[in-house]
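Participant: Sharing a structure here in structure tokens format.
The values are calculated or read from the model by the stated rules, or taken from the named source; none is laboratory data. Just so it is clear, the structure is predicted and the values come from calculations on it, not from any experiment. With ideal geometry, Cβ positions are generated from the backbone for all residues, glycine too; neighbour counts draw on all protein chains shown. To get the accessible areas, we keep the full protein, side chains included, count just its heavy atoms, and leave off ligands, DNA and RNA. Shrake-Rupley method; radii C 1.70, N 1.55, O 1.52, S 1.80 Å.
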Amino acid sequence: MAPTTLSSGIPSSQVTSAVEALQKWLVGSSHSSAGKGGKSKSSLFDDIDPALAHVHVLLSLHKTPLRNDGTPTPASSSKPRLIKIPHPILKWREASVCVIVRDDDGGRSTPTGAKPSGKAKQAKALVNAMEASAGITKVLGISKLRAKYKPYEAKRQLLNEYDVFLADDRILPLLPKLLGKHFFKRKKQPMPVNLVKQESKNAPKRHPRSQEGAPFREDWSKAVREVVEGTSVVLRAGSCVSVRAADAVNHTPKQASENILAVIESVLPHVGGFENLQGVFVKVAESVALPVYQAEGGAQPPKEEEENDDEDDDEEQEQEEVEEKKKKGAVESRKRRAVPGAHAAAAAAAA
């Protein structure tokens, strides 16, 4: 039987009550326009968008934790940390999973017309052989990601096509620029996994991203399952931490409560411990944040960065148009410099 309280002192009954309130709010908001009907309990959630039913736990901190040298910890980073939860939000082998792998070019740009030397093909061959056991839907080479998914429309399509993204940990630093901001706002940034065979102890050590020709593991099922059935957190320098912890539609209040408490226990050691915890709140996408714990003196719900996909689309499109104009201008400038008298000819033509 699960304990009624955590070692941190947060009562599970309070968390369960908050989840029940969120579920009632979801049902009421989705059926307010349709009026009351004689629907069964299982059908009450039928009209709810699954993405809007994810329960997020928000941790409000007294201050940004500091290392011994005075620098903020955790340092600002886009690298997600895996958190294990007792009741998965997504089901392994049912979720669509995209794995981004490193090509033999190491993720670097290749000359025009050059093809990657086959690491992605090797990975796809492995997946074809173990597709049923590993639960992988697509393997995407980083060279193809760079070439095919450069426009923001293509990035958004890729984002919406798969439930979970994994990435070879050797190429993780390259992905934020290639994927764009939407992956991080939607909390679907790729989880790093080690896909390379472990070398012998006597082998010379080398940087993880310099393993040219290192063979892939023959079985990815364990790494894939851990990511699909867990959740993740990106720890940045700041006083607010947000983690997707449960599903208000598919989890009972008790299951959601156990997930939330597991997330809190996992995150607290990285943000200064219980002493630095000002408040804990739970919410779904469009609801208010409900408090489940407040330190002495109270705490206000932490403000999350608001998402406005339409404005983000306009901003990204404008940036792409500016970059395209710069490239065209640079090409025209090189052409004029390459042809003697081009400026004079252009001026004469204009006259």
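Participant: Identify the single condition in (1) farther than 23 Å from GLU226 by Cα; (2) of a type in the set (S, T, N, Q); (3) exposed (fewer than 15 other Cβ atoms within 10 Å of the Cβ); (4) at pLDDT below 90 that ASN128 does not satisfy, given that it satisfies every other one.
Facilitator: (1)
Participant: Oh, and also: Considering only segment 5-49, state which residues are closer than 30 Å to ALA237 by Cα and either modelled with pLDDT under 85 or of a type in the set (Gly, Ala, Ser) (or both).
Facilitator: THR5, LEU6, SER7, SER8, GLY9, SER12, ALA18
Here is a yes/no grid of residues against (1) out of contact with any strand residue (DSSP E or B) (no Cβ under 9 Å at 6 or more places or on another chain); (2) surrounded by 12 or more Cβ atoms within 10 Å (Cβ to Cβ); (3) at pLDDT below 85; (4) assigned to a helix (DSSP H, G or I):
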{"residue": "GLY279", "(1), (2), (3), (4)": "no, yes, no, no"}
{"residue": "VAL282", "(1), (2), (3), (4)": "no, yes, no, no"}
{"residue": "VAL292", "(1), (2), (3), (4)": "no, yes, no, no"}
{"residue": "GLN300", "(1), (2), (3), (4)": "no, yes, yes, no"}
{"residue": "LYS303", "(1), (2), (3), (4)": "no, no, yes, no"}
{"residue": "GLU306", "(1), (2), (3), (4)": "yes, no, yes, no"}
{"residue": "GLU316", "(1), (2), (3), (4)": "yes, yes, yes, yes"}
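Participant: Go through LYS177, LYS197 for me and flag whichever is at pLDDT below 85 and of a type in the set (Lys, Arg).
Facilitator: Exactly one residue qualifies, and that residue is LYS197.
Participant: Inspect segment 137-144 for any residue being open to solvent by less than 60 Å² (accessible area, probe 1.4 Å), among the small types (Gly, Ala, Ser) and more than 13 Å from the chain's Cα centre (by Cα) and give the result as yes or no. Lay out the reasoning, then the answer.
Facilitator: Let us first name the residues in segment 137-144 that are open to solvent by less than 60 Å² (accessible area, probe 1.4 Å), namely 138-143.
Right, trim to among the small types (Gly, Ala, Ser) and you get 141, 143.
Among the residues that remain, those that are also more than 13 Å from the chain's Cα centre (by Cα) are: 141, 143.
The answer is yes, given that some residue of segment 137-144 is open to solvent by less than 60 Å² (accessible area, probe 1.4 Å), among the small types (Gly, Ala, Ser) and more than 13 Å from the chain's Cα centre (by Cα).
Participant: Looking at LEU261 and the list (1) under 20 Å from LEU82 (Cα atoms); (2) at pLDDT below 90; (3) over 18 Å from the mean Cα position of the chain (by Cα), which single condition is not satisfied?
Facilitator: With respect to (1) under 20 Å from LEU82 (Cα atoms); (2) at pLDDT below 90; (3) over 18 Å from the mean Cα position of the chain (by Cα), LEU261 is out only on (2).
Participant: Are any residues in segment 145-161 within 13 Å of the chain's Cα centre (by Cα) and open to solvent by 20 Å² or more (accessible area, probe 1.4 Å), and if so, which ones?
Facilitator: Within segment 145-161, ASN160 is the sole residue that qualifies.
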